[in-house]
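All remarks here apply to the structure that follows.
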Amino acid sequence: MRAKLAMFAITAVAVLALVLEAVPQANAQGNANKAGAAKKSKPAAAKPTPPPPPPQAAAPAQQPPAKKPVRAKKKPAAMKGVPSGVANCLKHLSQMASKDPLIAYEGHPEEIINNGLLWNDPKSKCSVGSDESARKKVVELANAWRMKDAAKVRSLIQELEGMPH
């Protein structure tokens, strides 16, 4: 029992000594990732040290403190993909057209119009099909959106929503 107690005491003293030795080293080291932290180098015995620069040259050579890197803000997740159903596609286009100023046609509106409404394929999620009047309206909508004519875009979307699909 005394042997266990003695071993425990010796272990505790050894751990305490290591901790007390490590704390001042950690405080002296500071943050190793800090931008201006100077690394310690071994003194070179064979190389002579260069003479210190004159005091006048030392003043302008000082650098301003290092700036923290600026992180770019993450862009909000863009709504990508084509919704299912003609009504959902038109609703989505209507939401995008309601923003002022009108968002650029290249990107999501173009994807919905070209890969959805005008895509004449059975696999299309929201094709207007072979309805020529609806297709003409969609082409007219695309042209108005390219021209950034917000009023015409909104009126054409309302007309398309009113058409049977």
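The values are calculated or read from the model by the stated rules, or taken from the named source; none is laboratory data. Because the structure is predicted, anything quoted here is derived from the model rather than measured. Cβ placement follows ideal geometry from the backbone for every residue including glycine, while neighbour counts extend to all protein chains displayed. Just the protein is used for accessible areas: all its heavy atoms, side chains included, with ligands, DNA and RNA removed. Shrake-Rupley method; radii C 1.70, N 1.55, O 1.52, S 1.80 Å.
Data for the structure
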quantity: Residue that is farthest from Pro101 (Cα to Cα), among those in the stretch 139-158 that are surrounded by 21 or more Cβ atoms within 10 Å (Cβ to Cβ) and of a type in the set (Val, Ile, Thr); calculated: Ile157
quantity: Tally, over the stretch 100-114, of residues that are in a helix (DSSP H, G or I) and more than 16 Å from Glu140 (Cα to Cα); calculated: 1
quantity: Filtered residue count, the stretch 94-138, keeping only those that are within 14 Å of Glu159 (Cβ to Cβ) and either open to solvent by 70 Å² or more (accessible area, probe 1.4 Å) or at pLDDT below 85 (or both); calculated: 4
quantity: Sole residue being of a type outside the set (A, V, I, L, M, F, W, C), within 22 Å of Pro164 (Cα to Cα) and without any contact (Cβ under 8 Å) to a residue 40 or more places away in the chain, chosen from Lys67, Lys99, Lys123; calculated: Lys123
